[in-house]
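Take a look at the structure set out below.
The values are calculated or read from the model by the stated rules, or taken from the named source; none is laboratory data. Just so it is clear, the model here is predicted, and its values are computed rather than measured. Because the Cβ atoms are built from the backbone with ideal geometry, glycine has one as well, and the counts that use them run over all protein chains shown.
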Amino acid sequence: MEDIPLGSLPLDNEQHERLAQGYFETANKKIAGERAGYTDKSNAWRAIHREDVQARIKFLQDERAEELGLDAYYVLKNLKSIADRCMQGEPVTDRDGAPVFVQGSDGEYAALYKFDAPGATKAVELIGKHIGMFKDKLEITGANGKDLMPPTFNIIGVKPNGDRE
């Protein structure tokens, strides 16, 4: 018998299915809850965090990404392209497409260029996050992922004259 991928079948609970579909379409929990017919937002919140609803949403998102040919390589390649493009100086032009010139402190004229710093910064930041360069939360574990042992100290008493107890 063939294994059915988790989340590939519509959910048995119709309201949960509408919630999953709504979130998939809007990426907004509040709107998804309203579309699914939830009047109490805490019930919608509990439902959207159910394992089966999360699996359904992930399946729908993965399916769309596959249809569009989107993967991590595609995203990184395009982010790099955006960063490279934003970091290039681009000539400023007037309405007619002619370059705009500015006079420098030495009296010489030069073409005016602009640089898209926010675009470059955001693209580089997203690339850095993807490759794990920035950690919002650092978890420290011991060998094989086990918890670290609490430190132990041996406290040795020392008398005022320097003798050990």
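Looking for something more than 26 Å from Ile127 (Cα to Cα), loosely packed, with under 12 Cβ neighbours inside 10 Å and small (Gly, Ala, Ser) - is there at least one such residue anywhere in region 41-49?
yes
Which ones in region 17-72 are part of a helix (DSSP H, G or I), more than 26 Å from His130 (Cα to Cα) and among the basic types (Lys, Arg)?
Once the filter is applied, which keeps residues that are part of a helix (DSSP H, G or I), more than 26 Å from His130 (Cα to Cα) and among the basic types (Lys, Arg), region 17-72 yields Arg18, Lys30, Arg35, Lys41, Arg46.
Looking at (1) in contact (Cβ under 8 Å) with a residue 40 or more places away in the chain; (2) surrounded by 14 or more Cβ atoms within 10 Å (Cβ to Cβ); (3) aliphatic (A, V, I, L, M), can you tell me which one Ala36 breaks?
Tallying (1) in contact (Cβ under 8 Å) with a residue 40 or more places away in the chain; (2) surrounded by 14 or more Cβ atoms within 10 Å (Cβ to Cβ); (3) aliphatic (A, V, I, L, M), Ala36 fails exactly one: (1).
Which ones in region 150-165 are within 30 Å of Ile140 (Cβ to Cβ) and either modelled with pLDDT under 65 or touching a helix residue (DSSP H, G or I) at 6+ places or on another chain (Cβ under 8 Å) (or both)?
Within region 150-165, no residue meets the criteria.
Please determine, by comparing only the residues of region 14-33 that are in contact (Cβ under 8 Å) with a residue 24 or more places away in the chain and more than 23 Å from the chain's Cα centre (by Cα), which one is farthest from Gln54 (Cα to Cα).
By that ranking, first place goes to Gln15.
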